[in-house]
């Protein structure tokens, strides 16, 4: 593990964590509330455990239903009931959508619900909430 690279890049490195692709890296970081550009070596034990739990949690949802169903470039109602269980993404592919985590716990600092944004990290499209996944400032 090269600790000086972004955690998103580390998650996509199959020699570091096998089986995590771009979608599940975004979703795991989102659920763990960790910014994708955060350096892998900067995570403390609590954050590492939170990320591990998020990875296990998202894969526990995804694997039994055959993976995520991408509905264009946004959250969308699934018409076919057979695919209903596959529409579980909360960050990846949802730019401009309200952050469901911030809505649930009311963390928006200015009172408005923040929107999921798209960026590029390690050459890959990356989706995250700028409010609940803040990049720590250098001290």
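The values are calculated or read from the model by the stated rules, or taken from the named source; none is laboratory data. Since we're looking at a predicted model, the values are computed, not measured. Every residue, glycine as well, gets a Cβ built from its backbone with ideal geometry; the counts of neighbours run over all protein chains shown.
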* **Among (1) under 21 Å from residue 131 (Cβ atoms); (2) in contact with a strand residue (DSSP E or B) (Cβ under 7 Å, 6 or more places away or on another chain) - the single one residue 50 does not satisfy** => (2)
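Assess whether residue 18 counts as being more than 14 Å from the chain's Cα centre (by Cα) and at pLDDT 90 or above.
no
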